[in-house]
1. Within the group B:A180, B:A165, which residue is crowded, with 18+ Cβ neighbours inside 10 Å, facing chain A (nearest Cβ under 10 Å) and among the small types (G, A, S)?
2. Condition check: in contact (Cβ under 8 Å) with a residue 12 or more places away in the chain and either farther than 30 Å from A:A130 by Cα or surrounded by fewer than 21 Cβ atoms within 10 Å (Cβ to Cβ) (or both). Does A:F35 satisfy that?
3. Out of B:I301, B:I319, I need the residue that is in contact with a strand residue (DSSP E or B) (Cβ under 6 Å, 6 or more places away or on another chain), in contact (Cβ under 8 Å) with a residue 40 or more places away in the chain and assigned to a loop (DSSP other than H, G, I, E, B). Which one?
4. Looking at (1) in the same structural domain as B:D91 (by TED's automatic domain parsing); (2) without any contact (Cβ under 8 Å) to a residue 24 or more places away in the chain, can you tell me which one B:T138 breaks?
5. Can B:G171 be described as surrounded by 24 or more Cβ atoms within 10 Å (Cβ to Cβ), within 14 Å of chain A (Cβ to nearest Cβ) and at pLDDT 95 or above?
6. Identify all residues within segment A:120-138 that are within 8 Å of chain B (Cβ to nearest Cβ), assigned to a helix (DSSP H, G or I) and closer than 21 Å to A:F72 by Cβ; write none if there are none.
7. Considering only residues that are farther than 25 Å from A:P115 by Cβ and facing another protein chain (nearest Cβ under 7 Å), look in segment B:91-112 and name the one that is surrounded by the fewest Cβ atoms within 10 Å (Cβ to Cβ).
Amino acid sequence: MERENLLAALARAVAPSGCETEAARTILKSIAGLFDEAWTDGAGNLIVRLSSGKSRGKERLMLAAHMDEVGFMIKSIDAEGKARIALLGNLDTRVLSGRRIAMTSGVRGVVCAKPIHAQSGEERSKPTPADKLYIELGAKDRAQAETLVQIGDYGTLEPKFTPLAGGFYAGKALGGRSMCVLLCELLEKLHGMDKDKLAADELFFVFSAKREIARAQFAIETAAFTIRPDRAVLFDAAPAADFGDAPETARGASLGAGAVIAPADAGTLYDRALFAQAVSMAKARGLRYQHPASAALPGGEGKTVHKTASGIRTLSVGIPTRNLHSGAEIIQRSDYEAVLSLACALVVAP
Amino acid sequence: MQTKELLAALCGKMSVVGFESYDEKALSALIDPYLDEHEYDAAGNHIFIRRCGKPEAKRLFLDAHYDEVGLMVKGITKEGYLRVCGQGGVDARILPAAEVVVYGRERLPGIVLTKPRELMTGDESGRLTPVTELLIDTGLTKEEAEKAAPIGTPVGFEPVYTELAGGFFAGKGFDNKCSAAAVILAVSQLEMSALECDLYVSLSAREEVGHRAVSTAAFRIRPDAALVLDVTFGYAPEGKKPGDSEMQGGPAVSISAILDKALTDFVVETAEIEKIPVQTVVEATGTGTHADELVYAAGGIPTALIGIPIWFMHTANEILNLEDVEHTARLIAAVIRRRYGRGVDGKE
């Protein structure tokens, strides 16, 4: 991976939903000089425009990856100086106990829970319930704790990036952030290229905000509304449980099996023509790709994008990710390369 | 060396139960400057000796168990994932998605796999995966893993230390190597020529699986008295228990019928005389530490127990306060000076 340093920097950025500043800054710094225009919209999406310099009917293509990550917000501080948290997104509460955390301010803490000597036999066989967890900052009381964190401050699990053997990477928020790296790398590749070769007159790279806290509606809607692209391709993590004795239908994506090209997920039936185009491009180039057997992969931003304004033809491409939302997500370099090759094929005219 | 640096260097060593000699050279390099001799005995105890130079000197046994809870590879799946068993009572609730270090042919990072909620079925989300069902992903294939991390390879928590506010310090292995650090700090403060005793510092083995090794060291050394140092449970909001010690309350001296009353009283009095913060905790009939073994070892050894309060024992992020470690070191040194000092009041 050419941009391994950027992946490491983004894994270490503390930028949960609603407070994506550090990720946005890191992304912008890495793509300086590679685009025509960049701005942050009212919902927090970072939008980067690259023009072909011509206006052949002004066809617009939007490529998106979300730059936020699951995390938490300080909800209360008690008299003993312990902070309690509200989760931002689907952060897996089973992994919280005992983990180091970082606030966007740089303050560090540890998620503590009932220690082993006080746990009953039944408690020892269950994950710690979220309401029994608290953050230890080292403060002796509320007043001292309030000098370290304030109600409403944002934090995430410990910033972390660890290359494993066999071309795997482990780290915080790697699934989603690797797709941000992919968009940056794509911009770099397009920079030296003849702009006539672009598959659209204008390309918009959207690093979206608040994806992880979305319920009915995703924040990317405002970017899609402003850009009104003819086509949108969304890059995101695809959950993988490709280990142990999980049944075939509950294993999700598999690492090493290439780009996840989804015909549909729980929220979206993707555009048939774009889906067919992506599959034929992958085949023609000998790229590894997969359609996980799970009946309903969780719905992503496509759910909102495909019905924004008068409707947008949308495709979703994923990178298989183990330990999703755990602070120690695992991806494989070969899958990243497969998604990148597919993305290149999609943005360059045949 | 600063307390923090000593703690990180000592507690950061891999000493998963049964593997206490893994990093012996580095341990020697760290401790030898403070002590005169180092022996590694047949039961796995590291004994460091500092002599006063006088013949027939008394022998004080300073015990701090050196082993730590961890995991051990017990199988490799066809995909190359490691299966493990617990070595000592690891808190399994902190293991999902934990980063660990596999101490095989080389040090390898590994990640405990956990299923994403999105792909869970039935009541999986309410169930904690038992240690023996966990899978550790190192990225290696089965063939590679069999070479790099064969069955029997120890697996430990990452040696990462985090400074919190107020002198609190978080990381792995404080149980019980923070006590070893306190002993070393104490010994480094002592002028041996002013003492009439030899110090036997035992960084003892295999405490976490049932106090298996320490009595052999005592049997060989035949000490006149023993001070046992071990961590104790700091009072925390979730799971408060009567008898928990206070963080930043100073060393916690155990009052127990199984311990030597005179020596225990001597320790508490010394703290009062020297104005060292001290607290007492009652463990009426037994302490669950090496002290319970030493009182009946080698014909009986007068033994007292001093605890360092910590939070969140047996996890990758145990938490202590640096002051408590320093006060414990001062107390150990003061007890030794007052009990064995030449011509000092209170000397036997």
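The values are calculated or read from the model by the stated rules, or taken from the named source; none is laboratory data. All figures in this text were calculated on a predicted structure; none of them were measured in a lab. Here the Cβ is made from the backbone with ideal geometry for all residues, glycine too, and neighbour counts use every protein chain on show.
1. Sole residue among the options that is crowded, with 18+ Cβ neighbours inside 10 Å, facing chain A (nearest Cβ under 10 Å) and among the small types (G, A, S): B:A165.
2. yes
3. Residue meeting the stated conditions: B:I301.
4. (2)
5. In short, yes.
6. Selection gives A:K132 alone.
7. B:P109
Yes/no matrix, rows are residues, columns are (1) in a loop (DSSP other than H, G, I, E, B); (2) of a type in the set (G, A, S); (3) at the interface with chain B (Cβ under 10 Å from one of its Cβ atoms); (4) in contact with a Cys (Cβ under 9 Å, 6 or more places away or on another chain):
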position: A:S105; (1), (2), (3), (4): yes, yes, no, no
position: A:V111; (1), (2), (3), (4): no, no, yes, no
position: A:H117; (1), (2), (3), (4): no, no, yes, no
position: A:K140; (1), (2), (3), (4): yes, no, yes, no
position: A:G152; (1), (2), (3), (4): yes, yes, no, no
position: A:C180; (1), (2), (3), (4): no, no, no, no
position: A:L183; (1), (2), (3), (4): no, no, no, no
